[in-house]
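Notes for the one structure printed next.
Only the coordinates and a few stated rules stand behind these numbers; no lab work does. Please read these numbers as outputs of a predicted model, since none were measured by experiment. For neighbour counting, all protein chains shown are included, and Cβ atoms are generated from backbone atoms with ideal geometry for every residue, glycine included.
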Amino acid sequence: MSKKYGVYICHGCGIGESLNIDKLSETASDEGFAVKTCPAFCGKQGLEILKQEVAGGVNALVIAACSPRVLYDTFRFDGCIVERVNLREQVVWSHPRATWPAPTEEQKDDETFIDHVQMMASDYLKMGLAKVKKIDLPTAFKLDALSRRILVIGGGITGISAAIDAAKTGYEVTIVEKEAALGGNAAKWRKQLPTEYPFEKSTAPVIQAKIKELDNFPNIQVKTSTVVARIAGQPGDFTVTFKKPGEKIEFDVPFPLPPEMKVDESGKELEAEQLHARYLEYNQGRQDILTFDPNGEKFGAVVLAAGWRPYQPQEGEYAHLGFGASPDVVTNAQFEAIAAAGKIKRPSDGREAKSVVFIQSPGQGNDQDFPYASSVTSLVALKQAGYVREDYADGKAFVIYQHMRTPGLTENYYKTVQQDPGIFLTKGQVVQVSQNGAGLIVNADDTLLGQPIQIKADMVVLATGMVPATKDDPVINLAYRQGPGFRDNAIFNDYADSNYICFPYETQRTGIYAAGGIRRSMTTEESMEDAAGAALKAIQCLESVNRGVSVHPRSGDLTYPDFFFQRCTQCKRCTQECPFGALDDDERGTPKTNPTRCRRCGTCMGACPERIINFATYSIDSVSSMVKAIKVPSTDDFDEPPLRVLGLICENDAYPALDIAALNRLPWNADVRFIPVRCLGSVNVIWIKDALSKGMDGVFLMGCKHGDDYQCHFVKGSELAEIRVKKIGEALSSLALEPERVAHFEVAIDEYDKIPQMLQEFMGTIEGLGPNPFKGF
Amino acid sequence: MAERMLIEPDLKFIKDVGIVGGEDVKKCYQCATCSVVCPISPDNKPFPRKEMIATSWGLKDKVLKSADPWLCHNCGDCSTRCPRQAKPGDVLAAIRAQAIIEYSRPRWLAEAVNDPKKLPILIAIPVFLFLVVGSITGLLNFRPDLSGGIAHYKFFSTWLVDMHMVPAAIFAVAVFAMGLKRFIADIHQNALDEGKTDKQTVEVGGFIQALVRVIPTILKHNKFSECTENKERYVAHLLTFWSFVGLFIVTSIIFLVLYGSYLLPTGPLHGPWSQLNPVKWLANLSGIALIVGTAIMIKARVNKPDQKSAYKDWFLVYLAFALGVTGMGAQLTRLAGWAEVSFAVYFLHLIAIWFLIAYLPFTKLAHLVYRTVAMAYAEYAGRKFTP
């Protein structure tokens, strides 16, 4: 596009008082940009100026005012590139003149006076100008053919609910269920937990009514005794092959080679051709992922509602609770089956079980619950305690828990159950379950009763959890190069998820939306609500893909990675590192892009050693140019030139955290310059090299926390960046630069108050190392 | 740590506690707010939290055989602050009601007194006794000679009165004696089991000394005044308590004077006594205190829908109120010269008195005995109950 530039510097919100606007304007006009200033560009007069400019042909606007995170719609001009230079938060509010004084009248023309704040404003403006020169307006990626059909995997309560919700909005839906009948786990219970206000009583299962409701929807197709052999392609254009369970067909999904098969006997990495040969051998009888099934059905998006299975303790597990030793010690799923079949009888001798102890936590010195347990296992214990009371007027049910979780209005259910005179609840640790004649003896410590207790029981029930279906099997069977399943479920306790707290329904694969027990252990009521959420996400996917915009989390982003294939060396790093499996490669290793699978994080761009992956508005060159636009003062400029440090910061968490710090007027070091990045995963090491070779004294990356509570919007970006930083450290040593000059920080969005201190400590390290020896070259 | 306790919940006990006002016990989730806010609960093994779980688990012996429920004065601080509306104050009251039934014999009588359906029979007993014995002995005269002024003894002989009241009192004392013997043994064993005392045995001398030490507390109602809720109950209970003390003194004096005067040559000194006699002053003062005190109690119970009032509660306050009203009524109608009305009211008064005495060990009023003993025991055991 041919660009006509305009630079607009705002005086408002304290910018005019702190900065020399004339001098700043000169910075831009010296580079040939037309500059306009205004007391407040967000005001009526200011907006009028901007509109006139756009009407006059300006299509690349650099607005130096407030943070791009505020007034987004005010400064949005369709068809124009708008670059926001954050003078207000990152310069003025965070660097008060009381600490960094402005030059006095006498100092104004003094060349040796260092005006830190003005220099910073000047740098940020120049970075904005550099960027705007390098970026383009994006054009949308459009699929050749778009399918609007939604596939629902799993015909349990969640899948059926999701199908009905999607069908109500007019979409074509297909449900696949591996069993011969619909219903799943929800059809196996005597009663189910309450589904509606006042949430006081367990009710008859709703599943049968829900199955009947399907008849009202001609746009829902049901395939029972069917599983997904493979899902190939990308959102909006999936090609799905179905098969009977257990069947072996050529369109069964191939699996990637396990790591041990990728090397030869001496442990050396195999060549591409050899790898491909092995891959074919490993997957003999199966078509490669890039071969599409000509008879496959087309779908646009998938709701994954494959549910869960009851956790089955292994042999010897929970021996102290008598599991395995006595047939009268059962799991809650086994107990439910007994209850569904009739009155509760002891499995050992068929006698009435009138005293039942429900154990919620295995004990043995810690307060952990059983694996995959949750509030559902608490609620189920309450429900099943009710069965004992229903069946026997003199029945007694004891629930011994470390955690009794009854979230939301299910607290009403807890209260109702608690009122039953024959149900006894206590926090406590069960230490031993042992045989006592024909019955059992349960010993528990640390109870609310103030002393160790002993209960005679006919049966003992262990509150084992709900294992997501994806734990045992990929289920979705994606024909993706990274493999058929989700790659990083381990960081989400095996559930199909993509963030430890945010982005419900989003999995690690775009276009696949998880709901129900596969996503988190949940009740029937929660699953039905969850189904609606996933159905809406599937619809959002279709209605984004059709317009060529990103679905999530950069919803509405028109950009997508553009590969300059002529220079590709087939290193496969992009294919391997993409957190969403968006890239497939052919037998030679050349990546095949699937833009609608992409979430536009730029991890591929960060990974590419050849730097051939770029976005229209975010590229290796645009960021490099910004780095190079930063003025690095040397001894030519000042006797004691200030240090310069580059901060590449995640725009999802770290950038807003900085804005909040500024809003709270928390000052930070004036020698740091920030460049926002889409994700730390998108950071290409060339930017770090650019900064250091330009003489900058240090570089740090600031991104999301990883570990147990992984907060990255793109699943793995921050972690990848840390690995890359470690690797670059070795390269720096060879250049006689200290590895400490490059650092990686983790910050959560609410830790804004800690950022100034983090920066100060890093600056302390850099000061200790001294200035970059390459300065001035 | 104490040894492992075998849990055998008594479902009937939970139900019974519910019937007598403790039906919210199961709502407790053991936050212990009650024990924290209770102004009189001791630091070591405080109540009522532990009583709440033990009751909701149906551990009958653990609560009925403990002195702690009796230390509670039911001021309601705990119930007001309970986040789950489990009403610990009412639960402890219900536990005490169950304990009264547990420790009194015969058991069937205890259950009858606490059963509203049996009330007509209980009332019929004194009516029947009075009428039958009165008719047979001729001590009941429906047409007395009133030439010397209206006097109740001419209608209902004092012999006939004491022929019924004295055995009833002896019966009550005997029931209490048997109950207390078990009660003291049980609460001591419980205190030993739960680590609430370092005394190995209940030594009589020390126990009596402890009793003497707590008497002033009881007389001054110190425990009541520590409560923040239900201040008006302090006044009501104080009035009622002292009215009973006053009436007991008056009755004792009249009893002694009457039977002593049989030795006099002029013959027995029958009532009514002169309004100028200081004993009469005390009688009238106590009567008024009884009516006022019980009236406040009734009003408070009616106006407090969040506090449970079970049959046992209404039974006692109305009985005490009736006692005061019929007593005062008999006097006022006598002074008004309405002989027949006065005799009828006096007859009712006597029924009320007999009722109170004979059924005392089975009614809520038995707390007079059990609480006093429990407080004395706590003092003896070193529960740091009295400040």
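General remarks:
- B:I150, A:I749, A:I231 arranged by Cβ crowding within 10 Å, fewest neighbours leading: A:I749, B:I150, A:I231
- Helix A:717-734 axis versus longest C-alpha principal axis of chain A: approximately 50°, rounded to the nearest ten.
- Taking label positions 7 Å along the Cα-Cβ direction at both B:L263 and A:L536, the computed distance is 9.7 nm, reported to one decimal.
- When A:W668, A:W93 are sorted by how many other C-beta atoms sit within 10 angstrom of their C-beta, beginning with the fewest, the order is A:W668, A:W93.
- Label zone of A:Q757 (point 7 Å out along Cα→Cβ, amide N under 18 Å): in the stretch A:77-109 this covers no residue at all.
- Counting Lys and Arg as +1 and Asp and Glu as -1 over every other residue whose Cβ lies under 14 Å from the Cβ of A:L536, the net charge comes to -3.
- For chain B, the longest principal axis of the alpha carbon atoms and the long axis of helix B:231-261 meet at an angle near 40°.
- If the segment from A:A204 to A:A325 were pulled out straight at 0.36 nm per residue, it would be longer than the present Cα-Cα gap by 40.2 nm.
- Once the C-beta distance of A:T169 and A:K628 is scaled by a Förster radius of 35 Å, the resulting FRET efficiency is 0.10 to the nearest 0.05.
- Extending 7 Å from the Cα toward the beta-carbon at both A:I49 and A:R665 defines two label points whose distance is 2.7 nm.
- Peptide A:447-460 - average C-beta neighbours from other chains (10 Å radius): 5
- If you wrap the tightest convex hull around every Cα atom of the protein assembly as shown and split its volume per residue, you get 283 Å³.
- Neighbourhood charge, 14 Å Cβ-Cβ cut-off, centred on A:I675 and excluding it, Lys, Arg +1 and Asp, Glu -1: +4
- Fully extending the segment from B:K117 to B:D306 would add 65.5 nm, taking 0.36 nm per residue of separation and subtracting the current Cα-Cα distance.
- A simple count of charges around A:R76, restricted to other residues whose Cβ falls under 15 Å of its Cβ and scoring Lys, Arg +1 and Asp, Glu -1, yields -2.
- Relative to the longest principal axis of the Cα atoms of chain B, the long axis of helix B:311-336 lies at roughly 20 degrees.
- Filtered trypsin sites (Lys or Arg not before Pro), the stretch A:548-605: DSSP coil and at most 13 other beta carbons within 10 Å: A:R588
- Amide hydrogen neighbours beyond the local backbone of A:K396, cut-off 5 Å, H modeled: A:S355, A:V356
- Burial ordering of B:C38, A:C571, A:C578, fewest other beta-carbon atoms within 10 Å first: A:C571, B:C38, A:C578
- FRET efficiency estimate (nearest 0.05) - Cβ-Cβ, B:R105 to A:Q432, R0 45 angstrom: 0.60
- Averaged over peptide B:46-58, the number of partner chain Cβ atoms lying within 10 Å of each residue's Cβ comes to 3.
- Lys, Arg +1 and Asp, Glu -1 on Cβ, resulting dipole of the stretch A:105-177 about Cα centre, debye, nearest 20: 840
- Label-point separation, B:E226 to A:A490 (7 Å along Cα→Cβ), nm: 6.0
- For the stretch A:1-154, the Kirkwood estimate of hydrodynamic radius, built from reciprocal distances between every pair of different alpha carbons, is 17.2 Å.
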